[in-house]
Amino acid sequence: METISARQIRSAVVGISGPHITTSISKGVVAVSRADGEITVSDVGRVIEAARTVALPPNREILHVIPRSYVVDGQEKIDDPVGMTGIRLEVEALVVSGATSAIKNLTKCIFQAGLEIDDLVFAPLATGYTFLTKKQKEIGVGLLDIGGGTTSLVVFEEGDILHAAVLPIGSGLITNDLAIGLRTSIETAEKIKINYASAIPDKIRESETVSLAQFDAGETEKIEKKYISEIVQARLGEIYSLVANELKTIGKDGMLPAGVVLTGGGSKLEDLIEATKDYLRLPAEIGKQNFELGGFVDKLGDPVYATSVALMLYSFEHSQSSFSPSEPGILGKAKGFLKHLLP
Ligand SMILES: Nc1ncnc2c1ncn2[C@@H]1O[C@H](COP(=O)(O)OP(=O)(O)O)[C@@H](O)[C@H]1O
Ligand SMILES: [Mg+2]
């Protein structure tokens, strides 16, 4: 990256993800500070801070406290209370937290690479802010990022983030099972998945085969493409049953009007859109960035780079505007960690 951009990189916005990351709802309450009762930005900051001080297990760290709605003197569902008048200000917020050990390991790696951390961001959250339109988030949408080892889901409704989860399986599970089922190496299984697999076996005629000789000169075997896709379908079913369960816990199973938007390398699987519609009973589409980039545009449009592009735009946007869905704090925390690590 330093070579391509001809710039030395000193610090980075770091994306964090993994099944250790969980979300919960927290509430905060404060008394409005001004004598005339006008609510200020500082009151909002204090109420978010109050929501942050929820009882969190000692081995977890808060990454984001995202306000969902405010209550002013009992009046609910207020998006922006600044300038309103009241005595009591409440917030309902989504708290995203991660395991302290995982966060420490990550910050240590970045530090050892000689970089400073500008911000630590739950990666799927950045992807959600970058790949979904305002309208989709308003009517209800899920962002499903299928990576190698994990699949992450972020659900938005009425413009707010409703739920987020990182599931412990991803597209790598499909590759592993292909290697076992076809008795090939992982490398060959990966090539077969990328070049010959479909998420829908019914689309493939019985007679179609793949010759293993093209991957390994010593092989003579021919494998039925339908069989390949049956393995893919089974593992995809496993991933999607976890996704459906997650949607069920928030009452959104088959109930997101804007459907799901797919990102991540795993979303490039042939016929995935159709399979997703069938499995989840929801509209589905491949995520498109809702912005224009110069330079390496064609490369960066690839879903594999969804997270990197999203983190870049997220940091750009959140350093320029005063609004921040992830209130500051984690930055100071990350720096705190680094201080711990210094001799
Ligand atoms: N063309 C493709 N078809 C199917 N799967 C693909 C394709 N390209 C990449 N993948 C899969 O995407 C996964 C990696 O996705 P990626 O978003 O890069 O991972 P992560 O974000 O977890 O690092 C791998 O399991 C890889 O096999
Ligand atoms: Mg990815």
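Okay, here's what the table says:
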quantity: Single residue of Gly218, Gly251, Gly148 found to be under 26 Å from Ala310 (Cβ atoms) and not β-branched (Val, Ile, Thr); calculated: Gly148
quantity: Asp160 vs. criteria closer than 30 Å to Ala123 by Cβ and touching a residue at least 12 places away in the same chain (Cβ under 8 Å); calculated: yes
quantity: Count - residues of segment 193-220 that are within 14 Å of Ala179 (Cα to Cα) and modelled with pLDDT under 90; calculated: 2
quantity: Filter pass, Val41 being of a type outside the set (S, T, N, Q) and in contact with a Lys or Arg (Cβ under 9 Å, 6 or more places away or on another chain); calculated: no
quantity: Total residues in segment 131-148, condition near ligand 2 (Cβ under 10 Å from one of its atoms) and either free of Cβ contacts under 8 Å to residues at least 12 places away in the same chain or among the small types (Gly, Ala, Ser) (or both); calculated: 2
quantity: Conditions (1) of a type outside the set (Ser, Thr, Tyr); (2) more than 30 Å from Ile25 (Cβ to Cβ); (3) at pLDDT below 95; (4) buried (at least 21 other Cβ atoms within 10 Å of the Cβ): number failed by Phe131; calculated: (2)
quantity: Residue count for segment 277-310, restricted to those that are within 15 Å of ligand 1 (Cβ to nearest atom), among the aliphatic types (A, V, I, L, M) and either at pLDDT 85 or above or touching a Phe, Trp or Tyr at 6+ places or on another chain (Cβ under 8 Å) (or both); calculated: 3
quantity: The listed residue being in contact (Cβ under 8 Å) with a residue 12 or more places away in the chain, crowded, with 17+ Cβ neighbours inside 10 Å, under 25 Å from Gly147 (Cβ atoms) and in contact with a His (Cβ under 8 Å, 6 or more places away or on another chain), out of Val14, Val96; calculated: Val96
quantity: Among the residues listed as Pro67, Pro81, the single one being over 14 Å from Lys27 (Cα atoms) and crowded, with 20+ Cβ neighbours inside 10 Å; calculated: Pro81
quantity: Condition check for Val32: in contact with a helix residue (DSSP H, G or I) (Cβ under 9 Å, 6 or more places away or on another chain) and among the β-branched types (Val, Ile, Thr); calculated: yes
quantity: Segment 99-120: number of residues that are in contact with a helix residue (DSSP H, G or I) (Cβ under 6 Å, 6 or more places away or on another chain) and crowded, with 20+ Cβ neighbours inside 10 Å; calculated: 4
quantity: So Leu89, is it of a type in the set (A, V, I, L, M, F, W, C), assigned to a strand (DSSP E or B) and either free of Cβ contacts under 8 Å to residues at least 24 places away in the same chain or closer than 20 Å to Val154 by Cα (or both); calculated: no
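The values are calculated or read from the model by the stated rules, or taken from the named source; none is laboratory data. Note that the coordinates shown come from a computational prediction; the quantities given were computed from them, not determined experimentally. Backbone-built Cβ (ideal geometry, glycine too); neighbour counts: all protein chains shown.
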